[in-house]
1. Would you point out the residue of the range A:3-18, among those that are open to solvent by 60 Å² or more (accessible area, probe 1.4 Å) and in contact with a Gly (Cβ under 8 Å, 6 or more places away or on another chain), that is farthest from the other protein chains (Cβ to nearest Cβ)?
2. Which of the strands (runs of 3 or more DSSP E) found entirely inside the range B:11-112 contain at least 1 residues meeting this: of a type in the set (A, V, I, L, M) and either within 11 Å of the chain's Cα centre (by Cα) or within 12 Å of chain A (Cβ to nearest Cβ) (or both)?
3. Taking the condition of being open to solvent by 30 Å² or more (accessible area, probe 1.4 Å) and closer than 14 Å to residue A:25 by Cβ, how many residues in the range A:69-96 meet it?
4. Could you tell me whether any residue of the range A:45-68 is open to solvent by less than 60 Å² (accessible area, probe 1.4 Å), within 13 Å of another protein chain (Cβ to nearest Cβ) and not in a strand (DSSP E or B)?
5. Taking the criterion of being surrounded by 14 or more Cβ atoms within 10 Å (Cβ to Cβ), among the small types (Gly, Ala, Ser) and more than 25 Å from residue B:104 (Cα to Cα), would at least one residue in the range A:21-39 satisfy it?
6. Does residue B:22 satisfy being touching a Cys at 6+ places or on another chain (Cβ under 8 Å), among the small types (Gly, Ala, Ser), surrounded by 13 or more Cβ atoms within 10 Å (Cβ to Cβ) and more than 17 Å from residue A:105 (Cα to Cα)?
7. Could you pull out the residue among A:74, A:88, A:111, A:21 that is facing chain B (nearest Cβ under 10 Å) and in a strand (DSSP E or B)?
Amino acid sequence: QKEVEQDPGPLSVPEGAIVSLNCTYSNSAFQYFMWYRQYSRKGPELLMYTYSSGNKEDGRFTAQVDKSSKYISLFIRDSQPSDSATYLCAMMGSAGGTSYGKLTFGQGTILTVHP
Amino acid sequence: DGGITQSPKYLFRKEGQNVTLSCEQNLNHDAMYWYRQDPGQGLRLIYYSQIVNDFQKGDIAEGYSVSREKKESFPLTVTSAQKNPTAFYLCAVGTGGTSPLHFGNGTRLTVT
């Protein structure tokens with residue numbers, strides 16, 4: 001079983017829709033959670049960085065972490081065609097653990113927002 | 001990311017040849033990483049280095065080698081021992097610890 005599971009999609013939505021992207025994980029040592037966006041033939045770019053449980057909002061993006069359920073989400077409001085990309089979740093543990101200092105990634109979800 | 005340069009963008013090699021991928025950064029970050037990306041498998045960690053002259057194996061280090069002689073540079077050699085070398089290779093940097101990583105734009109390696 002992979003440490004981080006992410007539905008690869010593909011996910012296709014109309015412009016203006018609310019998009020929900022999700023990851024589950026099995027390693028309880030993960031404390032730091034990130035979402036990256038990757039356009040075709042480019043490197044991933046950091047969208048959101050959160051620590052432990054709770055919500056964080058940045059513009060149209062909201063990251064949610066539920067450590068009790070080992071479940072994280074990224075919500076995109078008012079989605080735009082320019083949001084079409086692959087979205088990767090990633091996570092890391094705290095100092096002293098084997099997952100400290102390095103990221104473990106989900107498989108990535110391919111999102112298409114059509115006009 | 002302008003501060004992380006991976007070269008070349010595309011690389012073609014014959015089976016049995018070693019090949020070295022370049023990663024240079026001008027962000028003055030201590031930590032550097034190499035990930036491999038295959039369709040449907042996300043990113044998998046090959047090697048990482050938290051400081052000059054030191055590096056650790058990641059989850060899939062077999063068939064790869066690295067060096068970290070300078071803070072700015074972390075080249076990756078894909079050896080002939082790597083059974084499936086064709087992939088998209090991504091270099092990342094970070095300030096260390098629990099800081100997020102920032103990625104270069106990758107090198108697509110094709111071995112035939």
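1. Only one residue tops the list, namely A:5.
2. B:19-25, B:31-37, B:43-51, B:64-66, B:76-78, B:87-94
3. 3
4. yes
5. Yes, there is a match, as at least one residue in the range A:21-39 is surrounded by 14 or more Cβ atoms within 10 Å (Cβ to Cβ), among the small types (Gly, Ala, Ser) and more than 25 Å from residue B:104 (Cα to Cα).
6. Details: touching a Cys at 6+ places or on another chain (Cβ under 8 Å): no; among the small types (Gly, Ala, Ser): yes; surrounded by 13 or more Cβ atoms within 10 Å (Cβ to Cβ): yes; more than 17 Å from residue A:105 (Cα to Cα): yes.
So residue B:22 fails the test.
7. On the way: A:74 fails: facing chain B (nearest Cβ under 10 Å); A:111 fails: facing chain B (nearest Cβ under 10 Å); A:21 fails: facing chain B (nearest Cβ under 10 Å).
Testing whether each residue is facing chain B (nearest Cβ under 10 Å) and in a strand (DSSP E or B) leaves just A:88.
The values are calculated or read from the model by the stated rules, or taken from the named source; none is laboratory data. Given the structure is predicted, the values throughout are model-derived calculations rather than measurements. For neighbour counting, all protein chains shown are included, and Cβ atoms are generated from backbone atoms with ideal geometry for every residue, glycine included. Just so you know, the surface numbers come from the protein's heavy atoms only, side chains and all, with ligands and any DNA or RNA stripped out. Shrake-Rupley method; radii C 1.70, N 1.55, O 1.52, S 1.80 Å.
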